[in-house]
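Presented below is the structure to which this report refers.
The values are calculated or read from the model by the stated rules, or taken from the named source; none is laboratory data. Just so it is clear, the structure is predicted and the values come from calculations on it, not from any experiment. All Cβ positions, even for glycine, are placed from backbone atoms using ideal geometry, and neighbour counts span all protein chains on display. Areas reflect the complete protein model, heavy atoms only, side chains present, ligands, DNA and RNA absent. Shrake-Rupley method; radii C 1.70, N 1.55, O 1.52, S 1.80 Å.
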2 protein chains.
Amino acid sequence: MTETGSPPQVHDDPATDADLLEVLQALSDPVRLDIVRQLAAAENPGELMCRQIRLSVTKSTASHHLKTLARAGITAEREAGTSKFISLRRDDLDRRFPGLLDSVLQAAGTR
Amino acid sequence: MTETGSPPQVHDDPATDADLLEVLQALSDPVRLDIVRQLAAAENPGELMCRQIRLSVTKSTASHHLKTLARAGITAEREAGTSKFISLRRDDLDRRFPGLLDSVLQAAGTR
């Protein structure tokens, strides 16, 4: 199993305003919020195969949104064989922005 | 003292995804995040006179950002005499999106 796709970002430095703004921006789109919600609800904690994510947009639009989430450090991507897996970087996010993801999921998750 | 400017929004209905996305979008701009941070730090809890808010943008740009925050339900505006006051709708936000504003302020507030 190799890690490919967007290189995993290392966020050991304190989060900056720019990081926070990028995360808020990434979450403020209906398709991306839907992706995050589906990942959060996944049984294998926070991870789904790309093709398991149900979206009402074209593949290339979905791919664009997945890239935006990965760039913001919200998701990680890995490939295994011919499958691509997307996971929620919950621990990283909780460390960088305590409470943020939970509050967004709470607001978005119960409807 | 009369309430003018953006009409105070009443959010008695459960918050929708659209409401959440609007709040996240409104917070995901450096100028608007700065305004929210200044309001949160204000001594008179969460309220500042318009002219007390220090921004490095033109008055019309600032006005645009203030409108965006008010529309999203993040701030309220009132006029008293010739002064305009902006306040953070902390209780409303906490009720609609528990923990969201706190987590954003925590991430943004200590730098």
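Data table
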quantity	calculated
Accessible area of the protein assembly as shown divided out per residue, in Å², using a probe of 1.4 angstrom	52 Å²
For the range A:36-79: rounded, prolate or oblate by the Cα gyration tensor [a/c cutoff 1.5]	oblate
Nearest-20 debye value, the protein assembly as shown charge dipole, Cβ charges on Lys, Arg, Asp, Glu	520 debye
Carbon/sulfur fraction of accessible area - the range B:17-75, other protein chains in place, 1.4 Å, %	52 percent
Backbone HN-Hα couplings from phi across the range B:17-33 [Karplus 6.51/-1.76/1.60, Hz, Gly and Pro as x]	4, 4, 4, 4, 4, 5, 5, 4, 4, 5, 7, 8, 10, x, 5, 5, 4
For A:21-31, mean number of other protein chain Cβ atoms within 10 Å	5
log10 of Debye I(q)/I(0), alpha-carbon scatterers only, for chain A at 0.15, 0.16, 0.19 Å⁻¹	-0.60, -0.69, -0.99
Estimated buried accessible area (total), pair B and A, 1.4 Å, Å² to nearest 100	1800 Å²
Average beta carbon contacts from partner chains per residue of B:33-39, 10 Å cutoff	1
Between the range B:33-104 and the range A:16-33, the Cα center-to-center distance that results, in Å	20 Å
Mean Cβ neighbour count within 10 Å, used as a protection proxy, ranking A:50-59, A:30-39, A:86-95 highest first	A:30-39, A:86-95, A:50-59
Rounded, prolate or oblate (a/c below 1.5 giving rounded, otherwise prolate when a/b exceeds b/c) for the protein assembly as shown by Cα gyration tensor	prolate
Among A:GLY99, A:GLY73, A:GLY81: highest mean-square fluctuation, GNM of chain A, C-alpha pairs under 10 Å	A:GLY81
In order through the range B:35-49: 3J(HN,Hα) via Karplus (6.51 cos²θ - 1.76 cosθ + 1.60), integer Hz, x for Gly, Pro	4, 4, 4, 5, 5, 5, 8, 5, 5, 6, x, x, 10, 9, 5
A:GLN106 paired with A:ARG78, simple spin-label distance in nm, labels 7 Å along Cα-to-beta-carbon	3.0 nm
Spatially near lysine pairs across the protein assembly as shown, Cα under 25 Å, sequence gap of 8 or more or different chains	6
Position B:GLN106, label points 7 Å along Cα→Cβ, spacing to each other copy in nm (shortest first, one decimal)	1.0
Phi to ³J(HN,Hα) by Karplus 6.51 cos²θ - 1.76 cosθ + 1.60 over the range B:73-90, Hz, x for Gly, Pro	x, 7, 10, 10, 10, 9, 10, 9, x, 9, 9, 10, 10, 10, 10, 7, 8, 4
Per-residue average of Cβ from other chains inside 10 Å of B:96-108	6
At 7 Å out from Cα toward Cβ: A:ALA80 inter-copy label distances (nm, ascending)	6.1
For A:ILE53, label point 7 Å along C-beta direction: distances to other copies, nm	3.4
